[in-house]
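Below: one structure, written as structure tokens.
The values are calculated or read from the model by the stated rules, or taken from the named source; none is laboratory data. Predicted model only: the values in this text are computed from it and were never measured. Quick reminder, even Gly has a Cβ in these numbers, built from the backbone with ideal geometry, and neighbours come from all protein chains shown. These accessible areas exclude ligands, DNA and RNA; they are computed on the full protein's heavy atoms, side chains included. Shrake-Rupley method; radii C 1.70, N 1.55, O 1.52, S 1.80 Å.
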Amino acid sequence: MAVAMAKAKAKAMRDADGVDVDPGAAVVVRGLTKSYRGVPAVRGIDLEIRRGEIFALLGPNGAGKTTTVEILEGYRARDGGAVSVLGHDPGRARSRLKARIGIVLQSTGVDRYLTVAETITMYASYYPHPRPVNEVIELVGLEAKRDARVAKLSGGQQRRLDVAIALAGDPELLFLDEPTTGFDPSARHEAWDVVKNLAALGKTVVLTTHYMDEAQYLADRVAVIAAGRIVAQGTPATLAGRDTARARIRCRLPEDALPPEEFAGVAIADGYIEFTPDDITRALHRLTGWAIEQSVSLDGLQIVRPSLEDVYLELTGPPSAVGADRLGSAAIPERTSR
Ligand code: ATP
């Protein structure tokens, strides 16, 4: 009996394309491809996004992030590969998935004369099991603007309303497209809190962003896409071996001080020396020992490992090389509404 049930469950975890779907996975993508009039935009992407995780897609302009996300949302047809979103193929089951996913675009066209509460109530009415409107308002931190007209909201507040609209149907999976573009620093931090709130509720969040600090702060895992391929995937802290990369020592020397002999070959720029020793502990010991002996202070002494941005730039290469596809792509009308 138990075996039969397990078999039935395993069967249910395969979608129509036969993608094996781990019950813990919200999204599974295998060998995804998409071209626009013969010009490849996505060239064989594999992804697995766990339920309840915040997953960030990073990549330069034209890398294929939007194309990939639109395929996951069911708004764009793929050419090849297999995709499973919450156990369904979004290419075939878009209407079934609609109530279970929420989408936050870069700008949502809403009636500027409705209030915040009216807007969310209207969107909630489209869904079979909406989240209570007041709860949604609280989740996005718009309590003080509940009865304000949309036209009177600041840019950051409108963005929160966009998130609220996506939350109205109480989706399991949310897609956030560059959620904080154009925000001031405090609005960005507030928006990050909103996203963390969603994760605390057990929602799965897939976001695209160009901000490495955003990915670092929010994402459990990130994937870097360049020219239609995933070039690295992992946690922000360990991406592309960040955590094990050799550390650099950086400090400023007084103008007349010469570094110890063993560091003599190290370049000095703007009074700073920076170098990557084979043995960081020994090098640090030698440098600080020398400074104490010479009564020299090592201002701004730092041990630096590559930041997420350093790793990202290394992976994605010079902007001109990555954006090259864009020039050759044929124009196909963009989706205008959802
Ligand atoms: P961005 O960060 O600028 O939003 P992206 O990573 O989301 O970029 P996509 O929008 O997926 O990239 O574009 C991938 C490639 O496909 C680009 O070369 C782009 O020019 C091309 N492309 C995207 N949409 C279309 C379209 N509707 N018609 C033709 N080519 C397109």
Checklist entry - With every protein chain left in place, what is the accessible area of ILE103 in Å² (1.4 Å probe, nearest 10)? => result 40
Checklist entry - Under the Karplus relation 6.51 cos²θ - 1.76 cosθ + 1.60, θ = phi - 60°, what is the ordered set of whole-Hz ³J(HN,Hα) values for the stretch 292-307, x standing for Gly and Pro? => result 5, 4, 8, 6, 10, 9, 9, 5, x, 4, 9, 10, 10, 9, x, 6
Next on the checklist: Taking the solvent-accessible surface of protein heavy atoms with a 1.4 Å probe, what is the per residue accessible area of the stretch 248-304 in Å²?
Outcome noted: 68
Checklist entry - Dipole magnitude of the stretch 128-270 about its Cα centre, charges +1 at Lys/Arg Cβ and -1 at Asp/Glu Cβ only, in debye to the nearest 20? => result 400
Checklist entry - How large is ³J(HN,Hα), in whole Hz, for each residue of the stretch 82-95 in order, when computed from phi with the Karplus curve 6.51 cos²θ - 1.76 cosθ + 1.60 and θ = phi - 60°, using x for Gly and Pro? => result 10, 9, 10, 10, 6, x, 10, 7, x, x, 10, 10, 4, 5
Checklist outcome for this item: Once amide hydrogens are built 1.01 Å from N within the peptide plane, the residues lying 5 or more places from ARG76 or on another chain with amide H under 5 Å from its amide H are ILE71
Next on the checklist: Placing +1 on the Cβ of each Lys and Arg and -1 on the Cβ of each Asp and Glu in the chain, which of ILE120, ILE49, THR180 has its Cα farthest towards the positive end of the resulting dipole?
Outcome noted: ILE120
Checklist entry - Where nothing but the Cβ of Lys and Arg (+1) and of Asp and Glu (-1) is charged, how large is the charge dipole of the stretch 248-304 around its Cα centre, in debye to the nearest 20? => result 200
Checklist entry - Which percent, to the nearest 5, of DSSP beta bridges fully inside the chain are antiparallel? => result 65
Checklist outcome for this item: Taking a label point 7 Å from the Cα of LEU313 along Cα-to-Cβ, the residues of the stretch 29-69 whose backbone nitrogen sits under 17 Å from it are 59-61
Item to check | Centre separation in Å (Cα based) which lies between the stretch 46-60 and the stretch 66-83 | outcome: 14
Checklist entry - Which whole-number value in Å² is the accessible area per residue of the stretch 23-140, probe 1.4 Å? => result 42
Item to check | Distant-in-sequence amide H partners of ILE225 (H built 1.01 Å from N, under 5 Å) | outcome: LEU58, GLY59, VAL231
Checklist entry - Ignoring ligands, DNA and RNA, what percent of the accessible area of the chain is carbon or sulfur (1.4 Å)? => result 51
Next on the checklist: Heavy atoms only, 1.4 Å probe, whole protein assembly: order LYS65, LYS152 by accessible area, highest first.
Outcome noted: LYS152, LYS65
Item to check | Test item: Cα-centred dipole of the chain, Lys/Arg +1 and Asp/Glu -1 on Cβ, debye | outcome: 1800
Item to check | Note, ³J(HN,Hα) from phi for the stretch 37-54, Karplus 6.51, -1.76, 1.60, rounded to Hz, x at Gly and Pro | outcome: 6, x, 9, x, 10, 10, 10, x, 9, 10, 8, 9, 10, 7, 5, x, 9, 9
Item to check | Cβ-based charge dipole, the chain, positive-most Cα from ALA200, PRO171, LEU153 | outcome: PRO171
Checklist entry - So who's got an amide H within less than 5 Å of the one on GLY169, skipping anything under 5 residues away but keeping other chains? H placed 1.01 Å off N, in plane. => result ARG131
Next on the checklist: Contact order normalised by length for the chain, with contacts defined as Cα pairs under 8 Å and 6 or more residues apart; what percent is it?
Outcome noted: 19
Checklist outcome for this item: When the charge dipole of the chain is computed with +1 on Lys and Arg Cβ and -1 on Asp and Glu Cβ about the Cα centre, the Cα farthest towards its positive end, among ASN61, LEU298, THR276, belongs to ASN61
Checklist entry - So for GLU53, GLU262, what's the accessible-area order with a 1.4 Å probe, most first? => result GLU262, GLU53
Checklist entry - Any idea how far the Cα center of the stretch 94-143 sits from the one of the stretch 157-226, in Å? => result 15
